[in-house]
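The values are calculated or read from the model by the stated rules, or taken from the named source; none is laboratory data. Nothing here was measured: the structure is a model prediction, and the numbers come from that model. Cβ placement follows ideal geometry from the backbone for every residue including glycine, while neighbour counts extend to all protein chains displayed. These accessible areas exclude ligands, DNA and RNA; they are computed on the full protein's heavy atoms, side chains included. Shrake-Rupley method; radii C 1.70, N 1.55, O 1.52, S 1.80 Å.
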Amino acid sequence: MLIKKYMREIFREDKKIKSILLERKELIEKGREITKQIEELETERNKIALKAEKLRDKIVPWANKIRKEECGTYENIEKIEPVYDDPNDYQIKITIFDAVEEYKKALDEKIKQGKW
Amino acid sequence: MKVYFIGDRYEGCYYVRCMLPLRENGWDGMKTSLYGPLADSERMFQGAMASDIIVFQRPMDRNKLAAAQLLKLKRKKIVFDNDDTYLENSGTPATMFYGTRKLVKKINKILYDFIKISDLVTTTTKLLANEYVSLNKNVEVLPNCVDPDDWPDNWNEPQENTSGKVRIGIIGSTLSTGDYEVASKAISKLLERDDVKLVVLGVNKNLDKNPLLYKIFKKEFEFLKKIEDKIEWHNTVDHSEYNQFLVDLAVDIMIIPRKDNYFNRCKSNLKFLEASMAGMAVVAQGFSDGQSPYQQNKEDTNYMRIVVDNDKWYDEIDYLIRNESERKEMAKKAKEYVLKNYNIKTKSYLWVDAYKKIYERNF
């Protein structure tokens, strides 16, 4: 309110400047619209990622059971995926990795590069 | 509007107060799924800096207060959320902290200081909102909700009680905070019956091996030890497994006794929501002025049995034991009611509306 008290307004006619100002205003509005769309898409993407996490949560207890039954002391489950040609006839592929072997592999690579 | 959630030590509170709204609204937080990892400090900082609003759920230490003050300097909006009172002499149970009464006082001071610097305070009940409104005029009540996706019924068949006995559950804080004592006469009578099995969950069987925990839960532990051979006693489970575990218990009737004190009056109806989702009929505590957590929403009371006079606990439970079809119908209707009225999928807009008010103040 204090600023307004000391402000005054003057007017000029200039077609070129006016068109530049209008073009600029239009671009800013377009930019804002795109920012809004990006934010909305980001939220949608997050929602999809969170839904995928929810589905993973539903598999975890089952995977833990499999791990207990099938995995050795140093093994863990890497990936669980459906494998099928026909969606009605599929199997679940469970990829198991050995943490010790993985460590050895990484160490071998370092040795090969002379870093060990 | 980007929102980031930071919780404290109570995983269950974080799940209900943060994870449910964040997942439904596409926001972010220190934990975004039941089995997912917990963000470390660096990731939490990055998440907070990338957001417009940062929600702190029950921030009990001074470091979080300092973090919030720094975030405010970066023009971030701060939301304080809490679902329990820490007011001194309010009946705050000793089981909520590992220390003394002095510690509760200290925590409450931190919480109050946090409330004062917050742009918005959100909580679960009107009573708790009234406590906070003297410290911050922007207080909103956001109800506790359920997410049907997290309940096994949707992807797995629930357990049926095939034991031939009516299974009665005392679960969680009603057991660990000594609230069961108001129904102790009824519990003693139930233990004498052959057609009933008392199922308890909330205090661990090997608790006496830990001297500190034993000191805190001594009364509850000794009570259970005394009746050990007559009950089905379960150890507590991780929060990620809680819903499935609750359903697998196949409890027919959940009893929710509560001592009448300010702490319990500030509590929400969450236990009723959880029991209903697990297919249990509920007998819950009422207070004579109609202000127990299970009476505050009058409509809730149509879907459970309320005990105001503590001498009537046995009669109310016995009624449901004897009337199986009515009990099952009540449990079924309660679940439908909870899904209709406390479902995060239809209530998540409440969080958006509440946060928008402070977010839009920037423009």
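Odds and ends about this structure:
- Members of segment B:330-348 found to be assigned to a helix (DSSP H, G or I) and hydroxyl-bearing (S, T, Y), listed by number: B:Y337, B:T346
- Note on segment A:33-43: residues that are among the charged types (D, E, K, R) and at pLDDT 95 or above total 1.
- Residue count, segment B:247-275 (criterion: of a type outside the set (K, R), more than 14 Å from chain A (Cβ to nearest Cβ) and part of a helix (DSSP H, G or I)): 8
- For A:L41: the one exception among (1) surrounded by 11 or more Cβ atoms within 10 Å (Cβ to Cβ); (2) within 11 Å of chain B (Cβ to nearest Cβ): (1)
- A single entry from A:K58, A:K51, A:K104 fulfils the requirement of being within 14 Å of chain B (Cβ to nearest Cβ) and open to solvent by 60 Å² or more (accessible area, probe 1.4 Å): A:K51.
- Which listed residue is within 14 Å of chain B (Cβ to nearest Cβ) and over 27 Å from the mean Cα position of the chain (by Cα), from A:R67, A:R32, A:R24, A:R12: A:R67
- Within segment B:45-73, residues that are under 18 Å from B:Y10 (Cα atoms) have Cβ atoms under 6 Å from residues that are assigned to a helix (DSSP H, G or I) and basic (K, R) in these pairs: B:F56/B:K64; B:Q57/B:R17, counting only partners at least 6 apart in sequence or on another chain.
- Against the test of being open to solvent by less than 100 Å² (accessible area, probe 1.4 Å), away from chain B (no Cβ under 14 Å) and touching a residue at least 24 places away in the same chain (Cβ under 8 Å), the options A:I111, A:I94 yield a single qualifying residue, A:I94.
- Residues in segment B:22-32 that are open to solvent by less than 60 Å² (accessible area, probe 1.4 Å), of a type in the set (D, E) and within 22 Å of B:R9 (Cβ to Cβ): there are none.
- Answer residue from segment A:70-82, given it is open to solvent by 50 Å² or more (accessible area, probe 1.4 Å) and either of a type in the set (V, I, T) or facing another protein chain (nearest Cβ under 8 Å) (or both) and is farthest from B:K2 (Cα to Cα) among those: A:T73
- Once segment B:221-245 is narrowed to residues that are out of contact with any strand residue (DSSP E or B) (no Cβ under 9 Å at 6 or more places or on another chain) and more than 20 Å from B:G36 (Cα to Cα), the residue that is most open to solvent (accessible area, probe 1.4 Å) is B:K226.
- Summed over segment B:188-231, the residues that are under 17 Å from B:L249 (Cβ atoms) and not charged (D, E, K, R) give a count of 11.
- Residues of segment B:63-93 that are within 17 Å of B:C18 (Cβ to Cβ) and in a helix (DSSP H, G or I): B:K64, B:A67, B:A68, B:L71.
- Residues located in segment B:69-85, provided they are surrounded by fewer than 17 Cβ atoms within 10 Å (Cβ to Cβ) and within 29 Å of the chain's Cα centre (by Cα): B:Q69
- All positions within segment B:282-301 that are without any contact (Cβ under 8 Å) to a residue 12 or more places away in the chain and surrounded by fewer than 17 Cβ atoms within 10 Å (Cβ to Cβ): B:D289, B:G290, B:K298
- Residue in segment B:49-62 that is farther than 30 Å from A:L55 by Cβ and in a helix (DSSP H, G or I) present: yes
- Look at (1) within 10 Å of chain A (Cβ to nearest Cβ); (2) part of a strand (DSSP E or B) and you find that B:F5 fails only one, number (1).
- Strands (runs of 3 or more DSSP E) fully within segment B:139-218 counting 1 or more residues that are free of Cβ contacts under 8 Å to residues at least 60 places away in the same chain and open to solvent by 10 Å² or more (accessible area, probe 1.4 Å): B:139-141, B:196-201
- Qualifying residue in segment A:22-34 (condition: more than 30 Å from B:S33 (Cβ to Cβ) and open to solvent by less than 80 Å² (accessible area, probe 1.4 Å)): yes
- Selection from segment B:33-47 of residues that are in a loop (DSSP other than H, G, I, E, B) and either buried (at least 17 other Cβ atoms within 10 Å of the Cβ) or within 14 Å of another protein chain (Cβ to nearest Cβ) (or both): B:S33, B:L34, B:Y35, B:G36, B:P37, B:L38, B:A39
- Considering (1) in contact with an Asp or Glu (Cβ under 8 Å, 6 or more places away or on another chain); (2) farther than 15 Å from B:I231 by Cα, the lone condition that B:V199 does not fulfil carries the number (2).
- Some residue of segment B:21-28 being under 20 Å from B:D119 (Cβ atoms), modelled with pLDDT of 95 or more and assigned to a loop (DSSP other than H, G, I, E, B): yes
- Conditions (1) within 11 Å of chain B (Cβ to nearest Cβ); (2) at pLDDT below 95; number of the one not met by A:D85: (1)
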